[in-house]
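The values are calculated or read from the model by the stated rules, or taken from the named source; none is laboratory data. These numbers were taken from a predicted model, which means no experiment stands behind them. Cβ coordinates were reconstructed from backbone atoms using ideal geometry, including for glycine residues, and neighbour counts include every protein chain displayed. Areas reflect the complete protein model, heavy atoms only, side chains present, ligands, DNA and RNA absent. Shrake-Rupley method; radii C 1.70, N 1.55, O 1.52, S 1.80 Å.
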Amino acid sequence: MIDATPCATVRLTVNDRPTTVTPRPDETLVETLRRYGCADVKVGCGEGACGACTVAVDGVAVPSCLVLTACCDGCSIRTAAGLSGDPLARRIADALVEAGAIQCGFCAPGVLVTAWCLFSHTRNPDRETIQRELSGNLCRCGGSALMVEALAALA
Amino acid sequence: MSTPDLRWPWVDPYVADLAVPGMVYAALVRSSLPHAVIRAIDLAPALATPGVIAALDGEAFAVRGGVIHSSRDEPVLARGKVRYVGEPLAVVVGVSPEAAAAGANTVKIALDSLPPVLTMTSAEGATPLHENHPDNVLRDIVLEFGPVEESFSRAHTVFTGTYGYGASTHAALEPHGALAWWRPERRLWLWSSTQCPHLVHHELARLLALDPAAVRVMTPRVGGGFGGKSEVYAHEAVAAKLSMMLHRPVRIVLSREEVFYTHRGRHEALITLRMAVDSRHAILGLDADILLNGGAYAGMGLVTSYYAGQFMAVPYRVESLRFRSRRVFTNGPPAGPKRGHGSVQIRFAVERLMDHAALHLDLDPVAWRMALALEQGEATVNGLKIGSTGFVRCLQEVARHTEDIPCRAGEAVGFAGSAYICGAAFPIMPNRLPHSQALIRADRCGLFSLTVGVADIGQGALETLRVLAAETLGQPPSSVIVSAGDTDACPVDLGSYSSRVTLMAGNAVIAAAGSLRRTVLEAAARRLGTRAEDLDLLPGRVVVRDEPGRGMSLTRAIARAEERLGVVMAGGGYTPRVEAGSYPGGALGPSPAFSFSAAAARVSVDRELGTLVVHDIWLAHDCGRAVDLGRVRGQLHGCAIMALGEALTEKSGLTRGIMDPVGFTEYGIPTAADLPRIHAVIVEEPDPAGPHGAKEAGEGPLLPVVPAIANAVARAIGAHICRIPLTPDLLLGHGAAGYPTVEEAGG
């Protein structure tokens with residue numbers, strides 16, 4: 001769980017691989033993850049508004065640019081690339097692509113994590129819930145309506 | 001790169017994901033004042049910062065940048081003066097991004113403030129930004145076509161309105177970035193998030209005084225462009241220069257704030273438009289005075305200045321046309337090409353004034369537009385030739401879908417129409433060479449390897465070209481592999497701008513694939529003892545047309561061709577065969593083909609709260625032929641949503657001389673929770689100039705959406721709407737510019 005009390009040494013599990021990092025006090029989780037090699041976690045705005053850096057922290061979708069790594073001791077983190085073997089994630093990715101919702105792809109890893117967290121917690125989310133959950137993931141190519149359509153059909 | 005994998009989108013790297021051993025990081029130092037003389041730049045504190053290995057200021061670059069040769073006014077790093085807040089002044093290189101940023105923070109800059117020019121209406125006559133433009137006007141353009149004065153004198157009614165269009169920015173989700181590597185063999189490699197690798201290639205060579213043959217530009221995956229990645233930027237040039245100095249790879253990735261400063265977004269515009277209508281409701285004349293806020297530098301602004309007037313008439317028949325267009329310099333980030341370059345603002349003005357006229361004349365807004373529609377084979381009075389048009393069908397579609405919609409009080413449906421180019425007929429760097437080239441090779445395993453120079457920025461260009469090649473070869477798309485994004489390995493393509501790729505690169509691909517098809521069939525014909533003309537190329541097989549049992553596998557046919565020729569390959573190029581107008585600026589506007597769109601929007605307005613809800617957008621677009629239905633639909637959605645943001649919530653402007661906002665939290669891009677229902681309708685009216693009839697779909701569909709929303713709002717509240725975006729104060733009736741005037745003949 002993300003904890004308000006920061007730690008100097010932080011134990012993380014990133015996509016099932018345990019690791020220990022010693023972040024700067026002001027280091028955000030997205031910086032840590034990208035340095036760790038998670039290039040699938042994208043930086044779009046750095047202020048929590050676009051959702052390109054969304055990762056699942058203990059199963060909860062969060063924009064990793066708003067989380068301090070020092071507050072993540074003991075957390076299990078899953079990024080989009082860490083979902084490649086997951087059947088639910090595969091279904092979501094297929095549905096998004098078949099709907100023509102993915103264009104430049106820069107938002108896609110974050111969208112996938114958000115949708116995967118949503119469907120992991122809620123079996124059949126309604127359209128309004130899907131819209132609300134996806135509202136934290138900007139798609140400038142304009143795929144949002146098609147994403148909602150695709151995910152609603154999946155529910 | 002190859003056709004990107006969309007299912008696992010993290011597999012293909014973007015520029016920020018690239019790393020080269022020994023790589024160092026650059027950070028730009030930017031101006032904090034909108035207009036000032038640079039007294040001194042002290043790089044010493046930066047060079048003393050731990051981890052910093054180099055720093056440069058504007059003195060390192062001898063020549064000015066600018067992709068249009070006649071208006072090169074932009075230093076790579078500011079020299080002598082700064083002209084907008086956020087203008088790059090210096091660059092610092094560190095062994096880590098943090099070290100570079102820390103060093104950049106210590107650079108001491110002494111500036112002597114000058115009076116800034118903050119609004120376009122105050123620009124003319126204010127302190128000049130550039131010595132060679134004492135009036136702050138890039139070029140005062142006046143063009144007249146047909147008997148304008150006579151048309152207006154014959155008019156039954158003359159409508160006049162003044163329209164304001166707010167600036168907005170592209171906000172592609174991937175920030176700009178570049179990785180430069182001066183190689184031991186004395187060649188420059190540059191990976192960049194760009195729409196125009198060809199322009200970057202040649203402009204970078206010029207800025208660095210290198211032979212273009214010593215420059216290699218590569219595009220990894222690009223996370224959106226919308227026009228914002230079509231020029232050559234400071235970050236690309238400084239990374240290259242520093243790599244040459246340090247003999248190390250240098251990477252730079254802009255922050256979101258820096259992307260906002262880089263801008264090149266939609267020009268703010270103020271347009272006074274007059275329209276002469278005769279007693280039978282034909283449009284006799286259009287006359288516009290167009291003022292564009294260009295920001296501090298020219299960029300592609302000359303094109304914008306012409307486009308702003310040149311596309312005024314299409315898609316309608318108009319007897320005469322006149323415009324005066326002035327793009328003024330102000331102390332803000334440079335404006336530039338954003339989706340629908342230059343034509344979005346004038347479209348808003350024309351469609352709004354037409355809707356106002358339709359109400360006044362009691363005309364059905366759709367039927368009137370249909371009656372005015374240009375037909376196939378016609379040309380506009382300024383010489384834009386219409387090779388095909390599905391405009392009436394687009395209008396029919398949006399009318400059909402909206403005819404039974406009941407509207408309550410405060411609710412209404414608005415309509416608008418538009419047309420857009422499928423590539424500019426003349427290149428940015430003037431020459432008569434092909435605009436697009438393609439190479440294709442048949443492999444003995446049955447694969448076709450297509451190589452093109454286009455930049456896939458997310459619009460699906462490579463997939464579209466793959467389908468066109470496969471169609472020409474009679475094979476499934478999966479048998480064609482596309483490679484692009486490397487100026488060393490790929491033939492030339494001018495870039496992903498002006499909606500040119502489907503038509504121009506598509507035609508080059510069809511030429512190459514058609515030639516390859518003949519080569520393979522000829523080899524098979526020799527073997528089969530028949531003529532190539534008597535053979536058909538079917539998926540995986542060559543057969544004799546009249547003897548379906550006789551033939552050979554495709555792989556055998558390719559193998560036979562390899563035996564004869566050594567390698568089985570073909571090339572093709574495309575050069576537009578379109579005449580320029582014989583007047584100054586006559587090269588800006590003509591296109592091999594025009595796409596057409598129509599939109600309807602259903603809105604409701606709460607006049608007490610000043611709130612507006614867009615419930616539905618119907619958007620019909622004539623793309624000639626949908627090469628890839630899903631991607632065309634995706635483009636229509638993208639245009640509708642980008643237009644929605646532009647019409648309602650997105651606004652770039654200056655607050656006390658500072659670009660504002662500079663982050664996504666305040667900028668107001670529509671989210672999944674804000675969207676209307678979007679009804680995308682694809683109309684196919686094949687164009688003889690298009691590859692297998694295809695036309696563009698990436699920009700044109702944006703054009704009618706903004707005025708359709710505004711027309712709906714005007715009808716819903718019974719008031720004139722003459723400004724974009726539709727902010728609450730406007731809906732509450734405050735801040736509106738003047739009501740349009742109507743003059744009746746003899747009255």
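Structure data summary
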{"quantity": "For region B:121-163, average projected area of the Cα convex hull in nm²", "calculated": "4.9 nm²"}
{"quantity": "For region B:431-447 versus region B:625-653, the gap between their alpha-carbon centres in whole angstrom", "calculated": "31 Å"}
{"quantity": "Relative packing of peptides B:73-84, B:387-398 - highest average C-beta neighbours within 10 Å first", "calculated": "B:387-398, B:73-84"}
{"quantity": "Interface area, B with A, accessible, probe 1.4 Å, both sides summed, Å² nearest 100", "calculated": "3600 Å²"}
{"quantity": "Chain B: C-alpha gyration tensor shape, a/c 1.5 cut-off, then a/b vs b/c", "calculated": "oblate"}
{"quantity": "Computed over region B:1-116, the ratio Rg/Rh where both radii use C-alpha atoms and Rh is Kirkwood", "calculated": "1.09"}
{"quantity": "Per-selection Kirkwood Rh - region B:238-326 (Cα, Å, 1 d.p.)", "calculated": "16.6 Å"}
{"quantity": "Pairwise centroid distance, computed over Cα atoms, of region B:253-271 with region B:50-92, Å", "calculated": "17 Å"}
{"quantity": "Within the accessible area of region A:10-79 (1.4 Å probe), percent carbon and sulfur", "calculated": "53 percent"}
{"quantity": "Shielding of B:661-667 by partner chains, average beta-carbon count, 10 Å", "calculated": "4"}
{"quantity": "10 Å Cβ neighbours from other chains, averaged over peptide B:632-644", "calculated": "4"}
{"quantity": "With 5 Å bins from 0: P(r) over region B:398-498, alpha-carbon pairs, percent", "calculated": "2, 10, 16, 15, 13, 9, 7, 7, 7, 6, 5, 2, 1, 0"}
{"quantity": "Quarter of Cα convex hull surface for the protein assembly as shown, i.e. mean projection, nm²", "calculated": "39.1 nm²"}
{"quantity": "Rg ratio (alpha-carbon, reference 2.2 N^0.38 Å) - region A:83-154", "calculated": "0.96"}
{"quantity": "Pairs of alpha carbons in region B:436-574 whose separation is greater than 22 Å (percent)", "calculated": "36 percent"}
{"quantity": "Burial order of peptide ranges B:285-291, A:149-155 (average beta-carbon count within 10 Å, highest first)", "calculated": "B:285-291, A:149-155"}
{"quantity": "Cut-off 12 Å between beta-carbons: net charge of the residues surrounding B:SER496, Lys and Arg +1, Asp and Glu -1", "calculated": "-1"}
{"quantity": "Using a Förster distance of 41 Å, the FRET efficiency for B:LEU538-A:SER76 (Cβ separation, nearest 0.05)", "calculated": "0.20"}
{"quantity": "J(HN,Hα) series, region B:540-555, from Karplus relation 6.51 cos²θ - 1.76 cosθ + 1.60, nearest Hz, glycine and proline x", "calculated": "x, 8, 10, 10, 7, 4, 8, 10, x, x, 9, x, 7, 5, 4, 4"}
{"quantity": "Candidate lysines - alpha carbon under 27 Å from B:LYS108, same-chain residues fewer than 8 apart omitted", "calculated": "B:LYS81, B:LYS241"}
{"quantity": "Peptide A:40-53, shielding by other chains (average Cβ, 10 Å cutoff)", "calculated": "6"}
{"quantity": "Centre separation in Å (Cα based) which lies between region A:94-155 and region B:459-533", "calculated": "34 Å"}
{"quantity": "Relative pair counts by distance (%), Cα atoms of region A:1-99, 5 Å bins", "calculated": "3, 14, 24, 26, 18, 9, 4, 2, 1"}
{"quantity": "Efficiency of FRET between B:ASP362 and A:ASP86 - r from beta-carbon atoms, R0 56 angstrom, step 0.05", "calculated": "0.40"}
{"quantity": "Under-5 Å amide H pairs with B:SER483, H placed in peptide plane, nonlocal only", "calculated": "B:LEU450, B:THR451, B:VAL452"}
